[in-house]
Amino acid sequence: PLLALPAPRGDAEAAERPNILFVFTDDHATHAIGAYGSIHAALDPTPNIDRLAREGMLFRNSFCTNSICGPSRAVIQTGKHSHRNGFRDNGDRFNGDQVTFPKLLQAAGYDTALFGKWHLGTLTRDVKDSNRGGRPQHADHYAPPWERGFDTCFSTEAKVPTTDPMVDPVSGGPYGTRYWTGPGQVATEGLEGDDARVIIDRVLPFVDEAVQQQRPFLAVVWFHGPHLPLVSV
């Protein structure tokens with residue numbers, strides 16, 4: 001259906017487009033969510049997710065075609081199995097020439113944004129960053145969100161600690177990754193505390209501005225948790 005979306009003609013038509021907020025938690029098993037009958041609900045409740053389930057819809061017969069971090073995201077982006085989209089393992093590079101749903105929405109006049117974990121390629125060619133960024137042997141892995149259908153970006157290449165995301169929880173020094181907002185652009189403020197809050201602090205202004213301007217938006221929010229390293233507050 002997205003292929004049939006024409007670009008909106010004027011503010012009135014744009015305002016009628018459905019806004020899309022796509023939230024994705026990392027390495028989060030179904031049986032760890034209260035709404036799906038988690039046996040640990042009393043010890044590890046998920047009240048906000050459960051509320052979304054009560055007010056929305058539960059899918060009880062859906063399957064992830066590839067549960068690994070990066071490949072699962074490539075499947076979501078393209079709607080193709082890993083052997084078709086070419087991203088089978090975390091060390092692969094995401095082919096940006098493929099049709100993805102953010103590209104389709106961008107072409108249809110949506111404001112598109114990616115917040116949180118990317119893990120579909122590196123975000124820098126020049127600076128040593130995260131798992132592969134800035135390393136000569138991975139020079140061809142440069143595949144940032146701003147070249148993959150997203151107008152706005154606040155993302156890391158891969159995992160970060162769930163508290164104080166830029167700080168190594170063991171050594172107390174830099175964790176070795178950054179939040180990138182564009183080519184050569186790094187966020188330097190408001191990066192302390194809970195990583196989910198750090199992300200949401202960027203999501204809300206984007207959503208508010210799109211609503212005020214009556215522009216349809218796609219906000220892809222890919223949290224790092226509960227993937228390791230888990231750091232309690």
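Observations on the structure shown:
- Hey, residue 116 surrounded by 19 or more Cβ atoms within 10 Å (Cβ to Cβ) and not aromatic (Phe, Trp, Tyr) or not: yes
- Close pairs from the stretch 199-228: first farther than 14 Å from residue 118 by Cβ and in a loop (DSSP other than H, G, I, E, B), partner among the small types (Gly, Ala, Ser) and open to solvent by less than 60 Å² (accessible area, probe 1.4 Å), Cβ under 7 Å, at least 6 apart: 214/14; 214/15; 215/14; 216/14; 216/109; 225/196
- Taken over the stretch 125-142, residues that are under 24 Å from residue 27 (Cβ atoms) and buried (at least 17 other Cβ atoms within 10 Å of the Cβ) amount to 6.
- Residue in the stretch 176-195 that is at negative phi, within 13 Å of the chain's Cα centre (by Cα), surrounded by 15 or more Cβ atoms within 10 Å (Cβ to Cβ) and assigned to a loop (DSSP other than H, G, I, E, B) present: yes
- Hits in the stretch 59-96 (condition: among the polar types (S, T, N, Q) and closer than 12 Å to residue 121 by Cβ): 77, 90, 95
- Looking only at the stretch 1-59, and only at residues there that are more than 21 Å from residue 204 (Cβ to Cβ) and acidic (Asp, Glu), the one that is modelled with the lowest pLDDT: 11
- Checking 152, 122 one by one, the residue that is within 24 Å of residue 89 (Cβ to Cβ), crowded, with 19+ Cβ neighbours inside 10 Å and among the polar types (S, T, N, Q) is 122 and no other.
The values are calculated or read from the model by the stated rules, or taken from the named source; none is laboratory data. Being a predicted model, the structure only gives us computed values, none of them experimental. Backbone-built Cβ (ideal geometry, glycine too); neighbour counts: all protein chains shown. Keep in mind that these areas ignore ligands, DNA and RNA; they rest on the heavy atoms of the full protein, side chains included. Shrake-Rupley method; radii C 1.70, N 1.55, O 1.52, S 1.80 Å.
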